[in-house]
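Working notes for the structure below.
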Amino acid sequence: MDICYARLNPNGEQAMRTDTAHRKWNETWQSEDGRRAWSQADPDVLACATSVISAGGADALDLGSGVGRHALALARMGFNVDALDGSEVGIAQLRKDAESERLSVRTHHGVMTELPFADASFDYLLAFNVIYHGDPAILAATIAEITRVLRPGGTLQLTMLSKRNVNYGVGEEIAPNTFVVKNATDDKIHPHFYCNAGELIALLPGFELKSLVDREQKPGHWHWHLVAEKL
């Protein structure tokens, strides 16, 4: 996810950027093999989205949509879908696939700390494996934007990196709970934020927790899967 967010060190000089993970995803999604690994919608997402639309929800935002595995699924379900990502390659592929299926998905190349939507625009906001790409300041700014664009009673579904994750504590800690693995060949060369359950709940004061599960997405890669309702 591309995040236009710069920090200054005590000398007033720009510190390490933490808005760079989209560069790796641009590389990944240029190949068919890279896209294939991110082509299937997650069952938890389908179940939650079904619950939302069954309750009358209509407007959905896929934040950090990538190549569109969830945005396309939401459109097929009947949602009015907006999809935003920092990867130009991901957004272009999503737009192409939506057109080929004749699905209406409004695509946006943008940043998660500055969402281009009016207040209270969405009934359902999905941020799957996205908002932990940055340091605590970026995370706080992103959550503030998520809170702003969700309607009261709206559903937030997101994932966050768990401290049980095999990569927690690996590399250089550039900010609290935020690590960069220099010379990594995957996206861990870019900043990643990790948290425990208490820390995650504390990040969402404007929400009522509905479910929270620490799930192993692949061996050793534990992620919090959270669903919450905006108060």
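The values are calculated or read from the model by the stated rules, or taken from the named source; none is laboratory data. Remember, predicted model here, so these are calculated numbers, not experimental data. Positions of Cβ are backbone-derived with ideal geometry, glycine not excepted, and every protein chain shown enters the neighbour counts. Areas reflect the complete protein model, heavy atoms only, side chains present, ligands, DNA and RNA absent. Shrake-Rupley method; radii C 1.70, N 1.55, O 1.52, S 1.80 Å.
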* By how many nm would the segment from Glu229 to Val170 grow when fully extended, if each residue of separation counts as 0.36 nm and the alpha-carbon distance is taken off? -> 17.9 nm
* Accessible surface of region 53-143, 1.4 Å probe, proportion on carbon and sulfur as whole % -> 47
* To do: Would you mind computing Rg(Cα) / (2.2 N^0.38 Å) for region 92-160, counting N as its residues?
  => 1.21
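Between Arg215 and Ser104, what length in nm is gained on full extension when 0.36 nm per residue of separation is reduced by their alpha carbon distance? Working shown, then result.
Working: separation 111, 0.36 × 111 = 39.96 nm, distance 3.17 nm.
Fully extending the segment from Arg215 to Ser104 adds 36.8 nm.
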* Cα-based Rg (one decimal) and Dmax (whole number) for region 36-158, in Å? -> 13.3, 39
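Based on Cα coordinates alone, diagonalise the gyration tensor for region 162-231, multiply each eigenvalue by 5, take square roots, and list the semi-axes in whole Å, largest first.
Numbers: eigenvalues 126, 39, 16 Å².
Semi-axes from the Cα gyration tensor: 25, 14, 9 Å.
Can you give the Rg to Rh ratio for region 72-231, taking only C-alpha atoms and Rh from Kirkwood? Please report the intermediate quantities before stating the final value.
Working: Rg = 16.2 Å, Rh = 16.7 Å.
Value, to two decimals: 0.97.
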* To the nearest 0.05, how large is the calculated FRET efficiency for Ala197 and Ala47 if R₀ is 22 Å and r is the Cβ-Cβ distance? -> 0.55
* Structure fact -> Volume per residue (Å³) of the convex hull spanned by the alpha carbons of region 156-198 is 87
* **Solvent-accessible surface (1.4 angstrom probe) belonging to Tyr168, in square angstrom, nearest 10** => 80
* By accessible area of protein heavy atoms, probe 1.4 Å, what ranking do Lys218, Lys188 get, highest first? -> Lys218, Lys188
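Please report, largest first and rounded to whole Å, the three semi-axes of the ellipsoid equivalent to region 53-92, where each semi-axis is the square root of five times an eigenvalue of the C-alpha gyration tensor.
Values: eigenvalues 87, 16, 7 Å².
Semi-axis lengths for region 53-92 are 21, 9, 6 Å.
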* Where only protein heavy atoms count, and the probe is 1.4 Å, what is the accessible area per residue for region 146-231 in Å²? -> 46
